[in-house]
């Protein structure tokens, strides 16, 4: 499309001419009924790191701003999706996601190696709320372990798969995750999954209206981890397989939880099918060509699971009128085994 030369202004990042042809094959623009223009052109140029001429070329390919009194405004999901699928390695989104999702390009030892983490969760509840019930990480489901779990320095009180956390307090844990290869054995599981992944649907940042309507999102050809998992699990269930969808986190992505499918295979084992990671690895520049072959049915040590079903919030606050969903802040970092630091200094 252009020379690819970069320009810059004082105090800003370099702006590049980007060839947007990969976007034509991958991005489905937010339907007008769901579009919400919040980004001005300067912010868009910073996210895309592209020149004004390159942004004009992207508009020619279908990017549509909303005309507002203060000027044209662009939908944040449209801009982030264009950035993700530009295949340019230039955009703000690619730069942020590449290190976090580097395991999508890694060898088996990166996908499955034992890893140790410390994490914390903080339920965010309305003032006056006494106790929150929160699903902690549960690495045991994939062969890992919880080494420590405390609230205010003491073991937490259990309530089924949840633990009680006073509003504003921190749930702290140290866990070990262990990945596990495990391609599904039943050919019908493979066939249903392959048909879904080949249907043309893409992982996308979704506007609020589509996040809560899995079928509408799928009909539009897009989905996030929740909607993709919901639709594929429905198809597997209709074929007679026992399926569940659980929530947790991809280590490094703390803003929103992740979700995936667990399906009972012919050998009685639970196999993981993670449609969002399989699609991202296939269609963006973040993955390797063989990721799907190695990850389908496997548990990855960079995904930290809970036993929270997709149909439930990870945290609920207890009020005089019952329980209400509450947000749960999450952070996680690598941790060394006890004594590792001393040994490393010798």
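Applying the criterion of being buried (at least 23 other Cβ atoms within 10 Å of the Cβ) and free of Cβ contacts under 8 Å to residues at least 60 places away in the same chain to the residues of the stretch 252-278, the residue that is farthest from residue 306 (Cα to Cα) is 274. Quick one: which of 98, 73, 25, 59 is part of a helix (DSSP H, G or I) and modelled with pLDDT of 95 or more? Of 98, 73, 25, 59, the one residue that is part of a helix (DSSP H, G or I) and modelled with pLDDT of 95 or more is 59.
Go through the stretch 297-315 and report how many residues are under 15 Å from residue 103 (Cβ atoms) and part of a strand (DSSP E or B). First the steps, then the outcome.
Start the filter on the stretch 297-315 by keeping residues that are under 15 Å from residue 103 (Cβ atoms), which leaves 298-304.
With the extra rule that they be part of a strand (DSSP E or B), the set shrinks to 299, 303-304.
Number of matching residues: 3.
Screening the candidates 163, 141 for the property of being in the same structural domain as residue 232 (by TED's automatic domain parsing), touching a residue at least 40 places away in the same chain (Cβ under 8 Å), on the phi < 0 side of the Ramachandran plot and not in a loop (DSSP other than H, G, I, E, B) yields one hit, 141. Considering only residues in the stretch 217-235 that are over 22 Å from residue 308 (Cβ atoms) and touching a helix residue (DSSP H, G or I) at 6+ places or on another chain (Cβ under 6 Å), the one that is surrounded by the most Cβ atoms within 10 Å (Cβ to Cβ) turns out to be 218.
The values are calculated or read from the model by the stated rules, or taken from the named source; none is laboratory data. Here the structure is a predicted model, which is why all the values come from computation and not from measurement. Cβ coordinates were reconstructed from backbone atoms using ideal geometry, including for glycine residues, and neighbour counts include every protein chain displayed.
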